[in-house]
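*Asks:* I'd like to ask you about the structure that follows.
The values are calculated or read from the model by the stated rules, or taken from the named source; none is laboratory data. Fair warning: this is a prediction, and the values are worked out from it, not measured in the lab. Positions of Cβ are backbone-derived with ideal geometry, glycine not excepted, and every protein chain shown enters the neighbour counts. Protein only, heavy atoms only, side chains kept; ligands, DNA and RNA dropped before computing areas. Shrake-Rupley method; radii C 1.70, N 1.55, O 1.52, S 1.80 Å.
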Amino acid sequence: TAAHPRHLPPPRRDQTLMEGGTPLSKGPDEEGDYDDMVNMPKMDQAMVLQNVEKRFKRDAIYTAVGDVLISVNPFKDLGMYTPEIMRKYHHETDADEKAPHIFAVARDAYRRIIRPPHKAQSVLVSGESGAGKTEASKLLIRYLASMS
């Protein structure tokens, strides 16, 4: 494996490095869409919307774009926020293999605070009225409170 350049974020475990240290794309999942759109070979507005829509139709409401999490409000309970699921995100080996999730965002922010170099973190939650910003914020806080 090639050395990884410092100016790029470290590759995820499911990525391999090509010459020069650039991560190779992970490719689409078994449903034919991308859980992290950074891995799309080409990205434009139509492809982003199509990917998010395909995932939403199968109740995959979270889609990543690198460190950014796109969330689509399903307006129904999908059973994604149980104490058991939250605990899975407490353990690195379990959580790193999971699909994008609000608990993964909270976990990553928490890790960056407690591990050297102990960097302050902020999470921006934005969207239109009714998009689920308040619920997302409550889930982030609930996860962080469970870690203390």
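*Asks:* Name the GluC sites (Glu not before Pro) in the stretch 57-144 that are in a loop by DSSP and that have at most 10 other C-beta atoms within 10 Å, would you? All intermediate terms of the calculation are to be shown ahead of the outcome.
*Replies:* Details: sites: E84, E92, E97, E128, E135; in loops: E97, E128.
Passing both the DSSP loop test and the Cβ count: E128.
*Asks:* Same structure again: Per residue and in cubic angstrom, what volume does the convex hull of the Cα atoms of the stretch 63-148 have? Intermediate values should be presented prior to the final figure.
*Replies:* Values: hull volume 8.8 nm³, N = 86.
With only Cα atoms used, the stretch 63-148 gives 102 Å³ per residue.
*Asks:* May I pose another question? How do F103, F56 stack up against each other in accessible area, from largest to smallest, with a 1.4 angstrom probe?
*Replies:* From most exposed to least exposed: F56, F103.
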